[in-house]
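Taken together, the values in this text are just the output of simple stated rules run on the coordinates, not laboratory data. Please read these numbers as outputs of a predicted model, since none were measured by experiment. Because the Cβ atoms are built from the backbone with ideal geometry, glycine has one as well, and the counts that use them run over all protein chains shown.
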Amino acid sequence: METTQTSQSLYQALWNSADVLRSKMDANDYKSYLLGMVFYKYLSDKMLFFVAETMEEGSESLEAALEVYRNYYEDAATHEDLLAVMNDELNYSIKPELTFTALVARVNEGTFQLEDLAQGFRDIEQSDGLYENLFEDIDLYSKKLGKTPQKQNQTVTAVIKELAVLDVAGHAGDMLGDAYEYLIGQFATDSGKKAGEFYTPQPVAKLMTQIAFLGREDQLGFTIYDATMGSGSLLLNAKKYSHKPQTVVYFGQELNTSTYNLARMNMILHGVPVENQFLHNADTLDEDWPTQEPTNFDGVLMNPPYSAKWSANSGFLNDPRFSPFGKLAPQSKADFAFLLHGYYHLKQDNGVMAIVLPHGVLFRGNAEGTIRKSLLEEGAIDTVIGLPANIFFNTSIPTTVIILKKNRTNRDVYFIDASKEFDKGKNQNIMTDVHIDKILEAYKSRKEIDKFAHLASYEEIVENDYNLNIPRYVDTFEEEEVEPLTDIVSKINTTNEAIQNQTASLLEMLGQLRGTTPEADAELKKFLKEFEG
């Protein structure tokens with residue numbers, strides 16, 4: 001099997017496939033169709049090449065690999081053994097006539113039916129618990145694809161044709177996973193505000209993940225948890241910053257079923273071993289998860305929905321996630337509820353948590369003020385990083401990354417004002433590696449940096465009534481240079497002299513004027529006399 005596409009051309013080809021669907025529905029809808037079909041092609045192509053290699057009949061094309069597979073599948077002497085090997089190694093199998101390659105052939109022959117692909121989806125879902133209900137939100141008979149069955153068939157056929165030329169199996173692992181991430185990022189750009197449900201911009205994800213792994217890059221079996229995982233992009237950054245990526249164990253929870261399935265596909269495409277991924281589809285706040293060991297993690301990374309509503313039922317005051325703090329986050333703003341949930345699941349000894357929230361959590365009062373005070377008294381809040389405005393897809397407001405730890409011996413808080421660390425993009429502000437590295441260097445040093453960072457003692461925070469608003473601690477005001485008084489007087493004198501010269505010139509010109517009658521001439525002279533006076 002030859003790998004001919006570069007990662008960039010793969011990205012572009014994948015995104016071009018979206019053109020077929022873009023005119024029919026918005027990105028929040030068509031992302032499920034396209035990503036689901038890309039994933040199905042990946043599973044199909046991977047299986048065909050696996051069979052060809054296992055049977056020692058290496059194939060250079062998918063068509064040749066399909067022929068090898070069909071022969072062994074239809075041979076009664078090898079059928080059962082072949083399926084056993086596939087289910088053991090791949091955890092799934094697809095009938096020869098339902099492979100993506102076979103569907104492409106039927107498309108070219110004009111005999112493709114939607115039920116062919118629908119049956120392929122069902123077969124995958126029923127093959128192993130890992131794939132259960134994975135394609136459930138992909139409705140191939142939706143009116144969004146076309147008003148009639150014929151139109152729906154034409155739309156899906158067009159997408160299959162676009163994807164047919166892609167070598168997705170040849171890019172298994174990080175390259176295909178990164179291409180999938182690229183697609184998700186493009187969908188986020190198209191989706192605008194809806195993107196906040198499923199995507200954390202890579203610069204922010206990069207910053208948070210590097211902080212979580214700092215000094216622990218070589219740790220085996222690093223456990224990482226995201227209670228609002230979206231597409232899993234924030235979690236999957238762990239592969240890039242761990243020196244032992246195949247040993248990282250992922251725990252993630254997501255309320256939205258469509259987004260949850262997207263995260264499952266994302267994990268598989270990134271080559272995360274089945275035994276290292278534990279994903280859950282449920283409401284993070286309503287019912288705690290995980291409740292079976294392990295329940296505490298080396299790293300907790302979260303980008304929850306900002307100022308979301310939640311029940312704030314008084315019964316939660318008995319929930320161990322919230323009870324130590326005496327108050328519940330207000331019903332209209334669940335920010336601190338998400339923060340306390342993540343903090344509860346952080347390891348006691350050396351766990352590091354990074355959460356993105358709106359600035360309001362730093363200074364709002366009442367119940368939130370009480371919770372913030374308790375966290376500060378406990379020494380839980382380690383660092384507050386102010387991010388630039390307009391770097392997220394779902395909001396233009398500035399946000400903050402709060403770093404929390406449980407094993408601290410003091411209660412000081414390090415403040416970093418990174419609000420100006422960005423480049424101007426077309427629609428959004430963009431944080432580059434230069435900006436991220438500057439923040440990381442400051443975070444590691446915890447040094448005083450003029451107009452950028454300040455280490456505030458607990459006493460200073462108490463004096464500020466536990467208000468963590470960054471401008472109280474990092475003064476970014478640029479004083480204008482005071483001009484000497486003598487220079488100002490000199491400028492005034494110069495200006496006055498210029499005015500006098502201009503006035504004299506004007507009077508000279510006016511003095512040459514004559515009235516057309518004696519009365520007019522007298523009136524003109526009277527005016528000039530008053531003007532001179």
Practice problem: Can you check what the net charge comes to around Phe135, using other residues whose Cβ is under 9 Å from the Cβ of Phe135 (Lys, Arg +1; Asp, Glu -1)? | Solution: -2
Quiz item: Loop-only check: which chymotrypsin sites (Phe, Trp or Tyr not before Pro) in region 398-502 are DSSP coil with at most 15 other Cβ within 10 angstrom?
Solution: Phe477
Quiz item: Out of the DSSP beta bridges found with both residues in the chain, what percent are antiparallel (nearest 5)?
Solution: 45
Quiz item: Can you pull the semi-axes for region 291-365, root of five times each eigenvalue of the Cα gyration tensor, sorted largest first, whole Å?
Solution: 21, 16, 10
Exercise. Calculate the dipole size of the chain relative to its Cα centre from +1 charges on Lys and Arg beta carbons and -1 charges on Asp and Glu beta carbons; express the result in debye to the nearest 20.
Key: 1380
Quiz prompt | In order through region 25-35: 3J(HN,Hα) via Karplus (6.51 cos²θ - 1.76 cosθ + 1.60), integer Hz, x for Gly, Pro | solution = 7, 7, 4, 5, 8, 6, 4, 5, 5, 5, 5
Quiz item: How much mean residue ellipticity at 222 nm does the chain get from its helices, if each DSSP H run of length 4 or more adds -39500 (n - 2.57) and you divide by all residues, to the nearest 500 deg cm²/dmol?
Solution: -14500 deg cm²/dmol
Quiz item: So how compact is region 199-273: Cα radius of gyration and Dmax in angstrom?
Solution: 11.7, 36
Self-check item: Label-to-label distance, nm, for residues given as Ile449 and Glu508 (7 Å Cα→Cβ offset)
Solution: 6.2
Practice problem: Grab the Cα-Cα distance for Val489 and Lys161, subtract it from 0.36 nm times how many residues apart they are, and report the gain in nm with one decimal. | Solution: 110.3 nm
Self-check item: Phi to ³J(HN,Hα) by Karplus 6.51 cos²θ - 1.76 cosθ + 1.60 over region 137-148, Hz, x for Gly, Pro
Solution: 9, 9, 9, 6, 10, 6, 5, 5, 7, x, 6, 10
Practice problem: Arrange the following residues from fewest to most other Cβ atoms within 10 Å of their Cβ: Ser332, Ser93. | Solution: Ser332, Ser93
Practice problem: Using a cut-off of 11 Å between beta-carbons, work out the net charge of the residues near Trp310 (Lys and Arg +1, Asp and Glu -1, Trp310 not included). | Solution: -1
Exercise. For Ser307, enumerate residues with amide H under 5 Å from its amide H, sequence gap 5+ or separate chain, H modeled in the peptide plane.
Key: Ala334, Asp335
Quiz prompt | Projected area, mean over directions - region 38-178, Cα convex hull, nm² | solution = 8.9
Quiz item: How much net charge surrounds Asp437 when only the other residues with a Cβ under 11 Å from the Cβ of Asp437 are counted, with Lys and Arg +1 and Asp and Glu -1?
Solution: 0
Quiz prompt | Residue order, fewest to most beta carbons within 10 Å, for Met431, Met55, Met353 | solution = Met55, Met431, Met353
Quiz prompt | Largest to smallest principal axis extent of the C-alpha atoms in region 485-532, angstrom | solution = 53, 16, 7
Quiz item: (1) 1.20; (2) 1.09; (3) 1.02: which one is Rg/Rh (Cα atoms, Kirkwood Rh) as calculated from this entry?
Solution: (1)
Practice problem: Using R₀ = 30 Å, calculate the FRET efficiency as 1/(1 + (r/R₀)^6) where r is the Cβ-Cβ separation of Thr395 and Thr148; round to 0.05. | Solution: 0.15
Quiz item: Angle between the Cα long axis of helix 257-269 and the longest principal axis of the chain, 0 to 90 degrees, nearest 10?
Solution: 70
Quiz item: To the nearest 0.05, how large is the calculated FRET efficiency for Val434 and Glu74 if R₀ is 45 Å and r is the Cβ-Cβ distance?
Solution: 0.15
Exercise. Would you mind getting me the FRET efficiency between Ser457 and Ser307? Use the beta-carbon distance for r and R0 = 30 Å, nearest 0.05.
Key: 0.50
Self-check item: In Hz, Karplus ³J(HN,Hα) per residue of region 277-293 (6.51, -1.76, 1.60; θ = phi - 60°; x = Gly, Pro)
Solution: 10, 10, 10, 9, 9, 6, 7, 4, 7, 5, 9, 5, 7, x, 10, 10, 4
Quiz item: Ordered by packing density, taken as the mean number of other Cβ atoms within 10 Å over each peptide's residues, highest first, how do 81-92, 221-232 rank?
Solution: 221-232, 81-92
Exercise. List the relative contact order of the chain as a percent without decimals, with contacts defined as Cα pairs under 8 Å and 6+ residues apart.
Key: 10
